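The values are calculated or read from the model by the stated rules, or taken from the named source; none is laboratory data. Computed from a predicted structure; not experimentally measured. FYI the Cβ positions are ideal-geometry reconstructions off the backbone, even for glycines, and counts take in every protein chain you see.
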There are 4 protein chains.
Amino acid sequence: MSRKHPGRFHIFIPGPTNIPERILNAMHISSEDQRNPEIPDLTIPLYKDVKKVFKSEKGTVFLFPGSGTGAWESAIINTMSPNEKVLIYRFGQFSHLWADMFQRLGLDVQIEDRDWGTGTPPEEVEKTLKADTNHEIKVVCVTQNETATGVTSHVEDVRKVMDACNHPALLFVDGVSSIASIDFRMDEWGVDCAISGSQKGFMLPSGMAIMCVSEKALEAHKNAQLKRCYYSWEDQIATNKDGYFPYTPQIPMLRALQESCNIIFDEGLENVFKRHHRIAEGVRKAVLEGWNLKLCAQDPYWYSDTVTAIVVPEDKDAKEVISTAFNKYHLSLGAGLTKVAGKVFRIGHLGDLNELQAAAAIQGAEMAMIDSGISVKPGSGVAAASEYWRKSI
Amino acid sequence: MSRKHPGRFHIFIPGPTNIPERILNAMHISSEDQRNPEIPDLTIPLYKDVKKVFKSEKGTVFLFPGSGTGAWESAIINTMSPNEKVLIYRFGQFSHLWADMFQRLGLDVQIEDRDWGTGTPPEEVEKTLKADTNHEIKVVCVTQNETATGVTSHVEDVRKVMDACNHPALLFVDGVSSIASIDFRMDEWGVDCAISGSQKGFMLPSGMAIMCVSEKALEAHKNAQLKRCYYSWEDQIATNKDGYFPYTPQIPMLRALQESCNIIFDEGLENVFKRHHRIAEGVRKAVLEGWNLKLCAQDPYWYSDTVTAIVVPEDKDAKEVISTAFNKYHLSLGAGLTKVAGKVFRIGHLGDLNELQAAAAIQGAEMAMIDSGISVKPGSGVAAASEYWRKSI
Amino acid sequence: MSRKHPGRFHIFIPGPTNIPERILNAMHISSEDQRNPEIPDLTIPLYKDVKKVFKSEKGTVFLFPGSGTGAWESAIINTMSPNEKVLIYRFGQFSHLWADMFQRLGLDVQIEDRDWGTGTPPEEVEKTLKADTNHEIKVVCVTQNETATGVTSHVEDVRKVMDACNHPALLFVDGVSSIASIDFRMDEWGVDCAISGSQKGFMLPSGMAIMCVSEKALEAHKNAQLKRCYYSWEDQIATNKDGYFPYTPQIPMLRALQESCNIIFDEGLENVFKRHHRIAEGVRKAVLEGWNLKLCAQDPYWYSDTVTAIVVPEDKDAKEVISTAFNKYHLSLGAGLTKVAGKVFRIGHLGDLNELQAAAAIQGAEMAMIDSGISVKPGSGVAAASEYWRKSI
Amino acid sequence: MSRKHPGRFHIFIPGPTNIPERILNAMHISSEDQRNPEIPDLTIPLYKDVKKVFKSEKGTVFLFPGSGTGAWESAIINTMSPNEKVLIYRFGQFSHLWADMFQRLGLDVQIEDRDWGTGTPPEEVEKTLKADTNHEIKVVCVTQNETATGVTSHVEDVRKVMDACNHPALLFVDGVSSIASIDFRMDEWGVDCAISGSQKGFMLPSGMAIMCVSEKALEAHKNAQLKRCYYSWEDQIATNKDGYFPYTPQIPMLRALQESCNIIFDEGLENVFKRHHRIAEGVRKAVLEGWNLKLCAQDPYWYSDTVTAIVVPEDKDAKEVISTAFNKYHLSLGAGLTKVAGKVFRIGHLGDLNELQAAAAIQGAEMAMIDSGISVKPGSGVAAASEYWRKSI
């Protein structure tokens, strides 16, 4: 073996994120009998803690093996019937894939394309729902955080217009790269299916689909006709109460999720959000004030506190930046996907992270940009970020 | 916290099994960027090694987040269309659940019930297939190891009768609690979908569905009409070649699986099978010769080398044995499920295990039986097992 | 690499003992700055907890890098001056090595040899001290547990005769293989230097010398003239109060020691002693009643609850038993040392252990004995042990 | 528990250094029997690899529990007799403590004080040795890297003058914070006792004293009269050949040391030195060119590639910088010790480290300096360092 990457690798993709040692150690355990009488001592408090992270008291939690994509599928097949209508706004690779999944699973998807760099427009949702007088739209989808472009949509604003229209559609939220990092309020915002994954704000390895669903979603579940078995809710509703799983769960991941909640509550959920905002704001200052480059997000209204997509000058290739960062500086940046491939690179700044870690990422991105012929002033990124951080920490 | 279980807990359920330290350590790693250029260095050799464990050269491997149940689902939805016909023999809880899944997913399932304690009868399969002159049966299912009863079916014998009938049905094998512990030969036996899970012979935590499928299965996939998305093969066929996943994989589990293959090949796959047989034979001697009790498996033809189900005397309760073993002796035994609940307890003896560990399980089961009023002679179990082991190791 | 030892290796030497996962995980941490302001949050409570294990309120704790042998040296050089007189009874390899160390360090050692299989005889100590009217003997040594022979001396009885003689000598106790496993009472028994190591009852890896010393020992320290530096107490006395070390401590071992104390207190210190006694008693029943063999310990007064030395028949070789156990059954037994080499083998049964683990060791030893031509009845060992355990747990 | 330090803590003291995951995992193992027949498979190759790191073929390795301080003691007591004469140059806290140890152990120490910021002056050594016509000086000490001031002495230059004088004294080198990070050549430079610790270039936790000694040192050992036992070489010389230890070794640390050697050789020993030099040079550019501050090291001849001591302006307090870095930025810097307390802070840059990690440390130090009222331009440190690194990697 050759040692390609001395020192600690800097992982700044928008997930998987850094796994804290407390979580790695919580997973480093012998096998446990998933039917033993002490399992509910683990699972019952865990489900309660996960609900706290979703800010839900009335919700029901489901934990499935799978990435966030698996959570999407579980939400869809458990609440919908063939050919039912869904409204989704598409403005990035992940909202695109979500829309695509609805189609593949046999739903009637009304896809509204928006500029990449914007998000779900509440005013447009309002118009569409108002026009839907027969209430054919069964589900409204909001990608709370479009990971491909660094855009945050405002779920609460969508809720307001749904309420204003008195529209009965279910509200689905993709919170894969936002929940546990950016404020999310299941009950207050009337979200029906909120989905997330383990490898982002929860700071675990990938592999666990984490969902919280409303009573209204459970009601819809009763009549949902899409075929399902493994990801079906009916077998796992009881887990919230008795603590046992219908299949063999990945217990190390359950213990890891408990430790994740412990870590989040040790810091304080609101403090976690503040830290994410502060780090994100520093990264944006590096981009806008230090490097004089543009964000993919078109307006502060859309700025994401978990991922920043940076537009490179038109004649430069973001892929070269990413490749140089990886090979020369041991830094993983996120690539631009499909429409924005080569045009943007992304810095993920979520999960278990502090300012100096972000400084290393800014510095590495800067060095890789200069290496790639992009004209930025050495040290300008961290100069802008650090002055903000010094005053705001 | 009180310390309920000093010392090392003895886990003798038929999965999850003991996780070797080498595997736990292989999983104890920082997050990796699943899109980085070095990922194929991990995945390409891994897929090759997994195929060696399945004894397949022509097969295609799929690794999905999920338990074995998830692997079942993936096999079904990727090869079948609504209302197609399946033949399955039911003789235990897991063959029952498999049949049930086919039904829930909208297939036409011909369920043949057999005594619990027997397995898939080749001669009956032959009769049924011969009668199916229109080749309406699209899939023949064999539960290679029925975990609920400790029964091994002989896949090679089923293959022979399928060949004898010249029947074109796909052959599905549930190898969840057999593959990597009991001999399995994908190519030689003409298996089309072989499914397994990570938490048995592969010695990992639960959470990864491991499948190998034949070229014929891939052909069937092209016309399969069941709806699917997350567990769909089309997005992951390329992974065998380019090494990248369509969704964020659980990289620690991939590294763990590689270490699992390393451990298996270090010992030698055939040596692994021999060790499982030797330990199982010792357990059976303890039951039959030491304790004078009966196995659930009705005939040596059906004996399983990975799990032994022991029938307690009619007036005794196997649940009490299990509960005493757990609480007093820090030993997890498998329960009897549904039909045999309270009538049998099970000793799982697969994965990373040696004779003295099995001796501890035998001794603990014996002590719990005596505590529960079952008349067996102290020390008789290990006396029988150990004399066999002394001579056969 | 070939895989010589599938499954979990059975370690039944009298130390190092099994390391609980909680401790391994507590050690699996990034480096910490040993001078950071949060270090006393770790060390101050740790020193208090260690004192509880020693049952001392007035003592001072010292933690040095080193095995128990290192602790011996620190006790000697910190309290004694060249050519001072020491009284020690020698009845096994470890009391021999202790005596030898006194000599190598330049002390005047009065060695009283006793049969291996007996311990420190209080009545002889009394005679000797009474005769020492000039109080030339500065230190009386008691090996609380002679690991080589499985013999426990009774410190409290020695204390009584010292009090009866009104003799001012310091009382040194080697508690390497007893403290945290067998009752020890620093203050009540008036012990002046009690030494232990990390790899026995404390369940850590080897590498930390753990000592508790009395106020009288600290007084003696002031005038002690033996040369010393690294193991000197003067630099570390303050650690009890301010929590900082004079040299770079092995912080993972400190965190491990804290977790060790947590585990001990979770179970309850007295429960730990009871468990050790119960397991030991089972092992002795296997030897005496099951196998009809003899213990090295000559009388129940001397029986050790942490290690049992078993005498093989005169025409047999204990080394063959040990070698067979290791190679064939993946079981490490302790060898007979020097005088009893080939004549005894030892089972260590201390630390993180339960009855079924001990049953595996008994069974493995039995199988290795039969393989080595020693005539014992198969299953007889666990039969005797298990019946005792069934009734006493 | 409150969560004081989200994200990864940045440890930039000059040891303990970052422990690579490969090493942490190598230590995360069950107890092993230190007398088992497979132990030499671990130890014999390990001793050979350690010698390669010391660049020695003829040397003998000793591994003792202890920090570097313990290694010092072992070297002294194993080669010297009471009142023998030692020559040592003192120019920092660690050369001071070394001199102090010689005194406490009863040697006659000729201490030559030099400015802190300089090192061992070959020309002065030459004068002194020439004057020592009776060869009373038995040992010449060189602190290869004075950790307190960031000063590297040139062992090869001292060797030259010793050869020029034809002086028979032993040459002792303190390589605690240099060996495995800065070039060191045991045999070529004729070093007699080279000592190191585990927690610096070897990237392990603290706790293992690592030494290599020459044949001449072994010869001196035979007549050395200082009292010793635990740290005595005689009991451990054989370990180089048979692989067994005289006391219970800390096997996880031995396995960790093997993995350390593996990592070093994977990268290449010379590449490790180059990386250390490159990172150090970047840090120095940040200090000298970015911040316009002074180094403690007075001349490039003395610059250390493992630790940089930075002098703060006279009216500022380095302690405040350190405290701010720790509490606000989760960064541990090294303090100025005794003479330079409050006047310098230190950045340790050795072990498992890359440029972006060092960038984070530079940035954190800069932010803490600005917070502490020291006038440096934001971003200036990394600007200087990064431009150097961009061109030199």
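Residues are listed down the side, and each one gets a yes or a no for (1) among the hydrophobic types (A, V, I, L, M, F, W, C); (2) under 18 Å from the mean Cα position of the chain (by Cα):
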| site | (1), (2) |
| --- | --- |
| B:TYR244 | no, no |
| B:PHE273 | yes, yes |
| B:HIS277 | no, yes |
| B:ALA297 | yes, yes |
| B:VAL311 | yes, no |
| B:ASP315 | no, no |
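Going by the conditions given, is B:ALA341 buried (at least 19 other Cβ atoms within 10 Å of the Cβ) and not basic (Lys, Arg)? No, not satisfied. Looking across region A:1-14, the residues that are buried (at least 22 other Cβ atoms within 10 Å of the Cβ) and more than 7 Å from every other protein chain (Cβ to nearest Cβ) come down to A:PHE12, A:PRO14. Among the numbered criteria (1) in a helix (DSSP H, G or I); (2) among the charged types (D, E, K, R); (3) within 24 Å of the chain's Cα centre (by Cα); (4) more than 8 Å from every other protein chain (Cβ to nearest Cβ), which single criterion is violated by A:ASP41? The number of the failed condition is (3).
Among the residues of region D:63-72, is there at least one that is more than 7 Å from every other protein chain (Cβ to nearest Cβ), crowded, with 19+ Cβ neighbours inside 10 Å and assigned to a loop (DSSP other than H, G, I, E, B)?
no
Scanning region C:112-137 for residues that are among the hydroxyl-bearing types (Ser, Thr, Tyr) and in contact (Cβ under 8 Å) with a residue 12 or more places away in the chain yields C:THR118, C:THR120, C:THR128. Look at (1) assigned to a helix (DSSP H, G or I); (2) surrounded by fewer than 24 Cβ atoms within 10 Å (Cβ to Cβ) and you find that D:PHE102 fails only one, number (2).
Checked against (1) touching a strand residue (DSSP E or B) at 6+ places or on another chain (Cβ under 8 Å); (2) buried (at least 19 other Cβ atoms within 10 Å of the Cβ); (3) within 30 Å of B:ILE13 (Cα to Cα), B:PRO122 passes all but a single condition, namely (1). Is one or more of the residues making up region C:199-218 hydrophobic (A, V, I, L, M, F, W, C) and surrounded by fewer than 22 Cβ atoms within 10 Å (Cβ to Cβ)? Yes: region C:199-218 contains one or more residues that are hydrophobic (A, V, I, L, M, F, W, C) and surrounded by fewer than 22 Cβ atoms within 10 Å (Cβ to Cβ).
Is it fair to say A:ILE29 is of a type in the set (A, V, I, L, M) and facing another protein chain (nearest Cβ under 7 Å)? Yes: the conditions hold for A:ILE29.
Go through C:VAL86, C:VAL109 for me and flag whichever is in contact (Cβ under 8 Å) with a residue 40 or more places away in the chain and assigned to a strand (DSSP E or B).
The match here is C:VAL86.
Taken over region C:305-331, the criterion of being buried (at least 24 other Cβ atoms within 10 Å of the Cβ) and of a type in the set (Gly, Ala, Ser) is satisfied by C:ALA309, C:ALA318, C:ALA325. Of everything in region B:239-278 that's buried (at least 21 other Cβ atoms within 10 Å of the Cβ) and among the small types (Gly, Ala, Ser), which residue is farthest from B:ALA358 (Cα to Cα)? Among those residues, the one meeting the criterion is B:ALA256. Once region B:45-54 is narrowed to residues that are surrounded by fewer than 23 Cβ atoms within 10 Å (Cβ to Cβ) and out of contact with any helix residue (DSSP H, G or I) (no Cβ under 8 Å at 6 or more places or on another chain), the residue that is nearest to the other protein chains (Cβ to nearest Cβ) is B:LYS48.
Residue count for region C:279-301 under the criterion of being of a type in the set (Phe, Trp, Tyr) and surrounded by fewer than 21 Cβ atoms within 10 Å (Cβ to Cβ): the result is 1. Looking only at region B:70-97, residues that are touching a His at 6+ places or on another chain (Cβ under 8 Å) and under 16 Å from B:ARG228 (Cα atoms) come to 2 in all.
Determine, yes or no, whether B:ASP157 is charged (D, E, K, R) and more than 20 Å from the chain's Cα centre (by Cα).
Here the answer is no, as B:ASP157 does not meet what is asked.
Against the conditions (1) crowded, with 19+ Cβ neighbours inside 10 Å; (2) over 27 Å from C:LEU226 (Cβ atoms), D:PRO40 satisfies every one except (1). Is it true that D:HIS96 is closer than 25 Å to B:HIS28 by Cβ and either within 14 Å of chain A (Cβ to nearest Cβ) or not charged (D, E, K, R) (or both)? So D:HIS96 fails the test. Within the option set A:LEU333, A:LEU257, being modelled with pLDDT of 95 or more, closer than 19 Å to A:GLY15 by Cα and outside the structural domain of A:MET369 (by TED's automatic domain parsing) holds for one residue only, A:LEU257. When the residues of region C:15-26 are filtered to those that are part of a loop (DSSP other than H, G, I, E, B) and more than 10 Å from chain B (Cβ to nearest Cβ), the one that is nearest to B:ILE23 (Cα to Cα) is C:ILE19. Within this structure, D:SER181 passes the test of being out of contact with any strand residue (DSSP E or B) (no Cβ under 7 Å at 6 or more places or on another chain) and outside the structural domain of D:ASN354 (by TED's automatic domain parsing). Considering the conditions (1) more than 11 Å from every other protein chain (Cβ to nearest Cβ); (2) within 17 Å of the chain's Cα centre (by Cα); (3) farther than 25 Å from A:MET253 by Cα; (4) of a type outside the set (Val, Ile, Thr), B:ASN78 is excluded by exactly one of them, (2).
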